[in-house]
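Beneath this line is the structure, given in structure tokens, with notes to follow.
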Amino acid sequence: MILIVIDGLTPSMLEATDTPALRFLLDHGEYRRATSTFPSLTPVCLASIATGAHPDVHGIPHLVWWNRQEQRLVEYGSSFAALRAAGLLRGLRDSVVNLNEHHLLRTASTVYEDLEDAGLTTAAINITTYRGRTRHLPVIPGFPPVYGPKRFFFYSVYESDRTGAPIAFLNRSGGSIDAYAAAIGRWLIARDGFDLLVYYLPDYDYASHAVGPDLAYEALMRTDTCVEALIDAGGGRDAFLDRYAVIVCSDHGQSSVEQAARLEVPGALVTASNRAAMLYGQDPRALAAALDSEPAVDLALFLDDGRLVARRQGDEDLALLDEYPDGRARAEAAVRNPNAGEVVLSAAPGWEFVDLAGRHHVGGGSHGALAVGDSEVPMLTVGLGAPPSSITGIKATVSRHFGLSAAQAA
Ligand SMILES: [Zn+2]
């Protein structure tokens, strides 16, 4: 089975595509629009894909958050400048190593752990939530050993096998990361080297942030060639579908950004990035109320006596969440994450919260909020029956395909 995750691909973009490989898969599978998690940001979403759960279970709260145990900020890379502001080496270690080793809760299991415990071989290329059972030494000195799937390839930093793939980072805007993934994908398929391959293509999101949603045609064309590479390596179209069941999805959507705001709340530590933010501090209702007249904030979410509260401009009503796909469940899971702030903020339409370094995507695209544009993802299955309605359903679809029992698919 092959799971293809195209970062930031919106449903409308996939539905309208005439790129050859993606159109071929669409014509041979079952398709629906599905829902992401919240905050709809890549580290949170990829953890939900890997664990089949929302952040209350997996523990990854945001792109940037306050680690209460260690009393420090964790920044996974809101922007390169934000990473530098948080401390570049620390940031790289957080996003590459600590996310999997420490932040991803041990009470959640990953699809790699479940399948390999059942005797199957999993492979992952470039996906940032990769926790598995096999110890891997770094190719680039300075990084510690990590535990990943048996076949594990991560941006030229960790490589379980020598494949001859080009270095991942040389030309980011030209699609060099996906080209690296394609070279490894071809190598793995040629050797029949896996039961499950998770094939993560981030370059589309990078382009869509720059130009805005539904406009990154060139990037989608390049993404398509990376999918075509797998089909070719599998012996062409018919042979490929004979050999593999396939899921194509994205982790979150994108919506247009016209304005950016810097959030400041007296008495709170603010962690903001893209279209979501967290407030860490005492008295969540007072912190939320401080933003009642802030136009960039759509909803402030917090717990009052253990119960979820959704607040907009001073009104508190859970029905506000019904405006959004899976709104109540996603809001609840976001605030019940032990690593989340006391208040979780979802941005208003057209708004973004600047990150640690003041960066934003005004004039382009962004995501992170509960809004439909940020939250809807394309979900295509080929040879697997009906597609799941949420990215949290992907792991169960995979487990079912391989016949794992309920106990094995923990
Ligand atoms: Zn993004």
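Carbon and sulfur: what percent of the stretch 313-410's accessible surface (1.4 Å probe)?
50
For the chain, set up a GNM with springs between Cα atoms under 10 Å and report which of Gln259, Gln69, Gln282 has the largest fluctuation.
Checking each option, the largest mean-square fluctuation is seen for Gln69.
Which distance in Å, rounded to a whole number, links the C-alpha centroids of the stretch 302-338 and the stretch 1-28?
One Cα centre to the other: 32 Å.
Most fluctuating residue of Asp178, Asp203, Asp317 in a GNM of the chain with Cα springs under 10 Å: which is it?
Comparing Asp178, Asp203, Asp317 in the GNM, the peak value goes to Asp317.
Which whole DSSP H helices in the chain pass both tests: a Cα extent of 20 Å or more along the axis and a mean Kyte-Doolittle value no lower than 0.5?
Both cut-offs are met by 176-190.
Please calculate how many Å² of accessible area the stretch 323-386 carries per residue, with a 1.4 Å probe and no DNA, RNA or ligand atoms counted.
Per residue, the stretch 323-386 has an accessible area of 30 Å².
Roughly how many percent of the accessible protein surface of the stretch 130-242 is carbon and sulfur, given a 1.4 Å probe and a whole-percent answer?
53
For n ≥ 4 DSSP H runs only, could you compute -39500 (n - 2.57) per run for the chain, divide by its residues and tell me the 222 nm figure to the nearest 500? Please report the intermediate quantities before stating the final value.
Details: 15 runs with 122 residues, N = 410.
Calculated from helices alone, the mean residue ellipticity at 222 nm is -8000 deg cm²/dmol.
log10 I(q)/I(0), Debye, Cα-only the chain, no solvent, q = 0.07, 0.08 Å⁻¹?
-0.29, -0.39
Could you give the distance between the Cα centres of the stretch 152-195 and the stretch 352-410, to the whole Å?
So the separation of the two Cα centres works out to 23 Å.
Taking only Cα atoms and a 10 Å spring cutoff, compute GNM fluctuations for the chain and point out the largest among Pro20, Pro43, Pro378.
Taking springs between Cα atoms under 10 Å, the residue moving most is Pro20.
Per residue of the stretch 285-290, what does 6.51 cos²θ - 1.76 cosθ + 1.60 with θ = phi - 60° give for ³J(HN,Hα)? Whole Hz please, x for Gly and Pro, Karplus curve as stated.
So the Karplus estimates, Gly and Pro as x, are 5, 5, 5, 5, 5, 5 Hz.
With a probe of 1.4 Å, find how much accessible area the stretch 215-259 has per residue, and write the answer as a whole number in Å².
40
Once the stretch 168-283 is represented by equal point scatterers at the alpha-carbon sites, with solvent omitted, what log10 I(q)/I(0) does the Debye formula produce at q = 0.17 Å⁻¹?
Those come out to -0.91, one per q.
Counting pairs of alpha carbon atoms under 8 Å apart in space and at least six apart in sequence, what relative contact order in percent does the chain give?
Computed over the chain, the figure is 28 percent.
Ordered by packing density, taken as the mean number of other Cβ atoms within 10 Å over each peptide's residues, highest first, how do 72-82, 51-61 rank? Don't jump to the answer; show the numbers that get you there.
Values: 72-82: 20.5, 51-61: 24.9.
Put in order of decreasing packing, that is 51-61, 72-82.
The values are calculated or read from the model by the stated rules, or taken from the named source; none is laboratory data. Not measured: the values here are computed from a predicted model. No Cβ is skipped: glycine too gets one built from the backbone with ideal geometry, and neighbour counts run over all protein chains shown. Ligands, DNA and RNA are stripped out before the accessible areas are found, and what is left, the full protein with its side chains, is counted by its heavy atoms. Shrake-Rupley method; radii C 1.70, N 1.55, O 1.52, S 1.80 Å.
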